[in-house]
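The values are calculated or read from the model by the stated rules, or taken from the named source; none is laboratory data. Bear in mind the structure is a predicted one, so any value in this text is a computation, not a measurement. With ideal geometry, Cβ positions are generated from the backbone for all residues, glycine too; neighbour counts draw on all protein chains shown.
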Amino acid sequence: MASLRFLGHSAFEIDIAGRNILIDPFITGNPQAIVKPGNLHPDYIIVTHGHSDHLGDAIDIAIKNKSTIVAPFELAMYCANKGAKTHPMYIGGSYLFDFGVIRFTLALHGSTVIDGENFIPVGNPVGAIIEASGKRIYHAGDTGFFGDMKIIGKRFPIDVALLPIGGNFTMDIDDAIYAVEMLKPKIVIPMHYNTFPIIEADPEDFADRIQPPTRAVILNPGEEFDL
Ligand code: NI
Ligand code: MN
């Protein structure tokens, strides 16, 4: 049985094909966090971009658990320099791991790591499509909506889409509804909202406006969804 657990903000834990996969594990400093980094034991950690609310605890968790960080090339190099095991990829690339395929997609955003007083650019941000056990999950990362979402949804029919709705840095509710119309996923789960005042959004408002056949599922931090 495959499952998806929301860890708050854009962080998710997926149990699929006998592997545990974390995405954007922002735990320390995340006001929504319901787990401690020490309680997470992933095989893989997907990091969509270098911002601290996505890279989060990835490097520490990866080093402690010998997990593999799967990230855009420059960000993977940054994590490798910090001592983590990494698998670099890039937009449009896919790779067959021991549980299934990870594919990186476009994301309209930035990607910089702030290391003390240094701002280190770490390439382009990405979204990720995970294909395993006959399921396809799309984590959009941080992004504005873009027309290619229509192509993504057509070429890689999506079971579950994880989309930001908080606005300011990413799509807001109106944009995310537009994105859902392009992606046509079976299920959409909102993310990247209400963590901070600047990204306040009402997930019920989003869910109420989603049209069939797509179904919206709101997960509170800690809640699980059976895939
Ligand atoms: Ni970001
Ligand atoms: Mn973010």
>> If a residue must be within 16 Å of ligand 1 (Cβ to nearest atom) and surrounded by fewer than 21 Cβ atoms within 10 Å (Cβ to Cβ), how many such residues does the range 121-143 contain?
In response: 3
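Can you tell me which residues in the range 144-175 are away from ligand 1 (no atom under 16 Å from the Cβ), of a type outside the set (D, E, K, R) and outside any strand (DSSP E or B)?
Gly147, Met149, Ile151, Ile152, Gly153, Phe156, Pro157, Ile158, Ile173
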>> Among the residues of the range 45-78, what is the count of those that are in contact with a helix residue (DSSP H, G or I) (Cβ under 8 Å, 6 or more places away or on another chain), within 16 Å of ligand 1 (Cβ to nearest atom) and polar (S, T, N, Q)?
In response: 1
> Residue check, Gly110 against (1) under 16 Å from Ile14 (Cα atoms); (2) within 16 Å of ligand 1 (Cβ to nearest atom); (3) surrounded by fewer than 20 Cβ atoms within 10 Å (Cβ to Cβ), all met but one. Which one?
Replying inline: (1)
> Within the range 84-127, can you find the residues that are within 18 Å of His54 (Cα to Cα), out of contact with any helix residue (DSSP H, G or I) (no Cβ under 7 Å at 6 or more places or on another chain), among the small types (Gly, Ala, Ser) and at pLDDT 95 or above?
Replying inline: Ala107, Gly110, Gly127
> Looking at this structure, is Tyr178 crowded, with 21+ Cβ neighbours inside 10 Å and either away from ligand 1 (no atom under 16 Å from the Cβ) or aromatic (Phe, Trp, Tyr) (or both)?
Replying inline: no
>> If I go through the range 111-122 residue by residue, how many of them are part of a loop (DSSP other than H, G, I, E, B) and within 16 Å of ligand 2 (Cβ to nearest atom)?
In response: 2
> If a residue has to be in contact with a Pro (Cβ under 7 Å, 6 or more places away or on another chain), surrounded by fewer than 24 Cβ atoms within 10 Å (Cβ to Cβ) and assigned to a loop (DSSP other than H, G, I, E, B) to count, how many in the range 5-32 make the cut?
Replying inline: 3
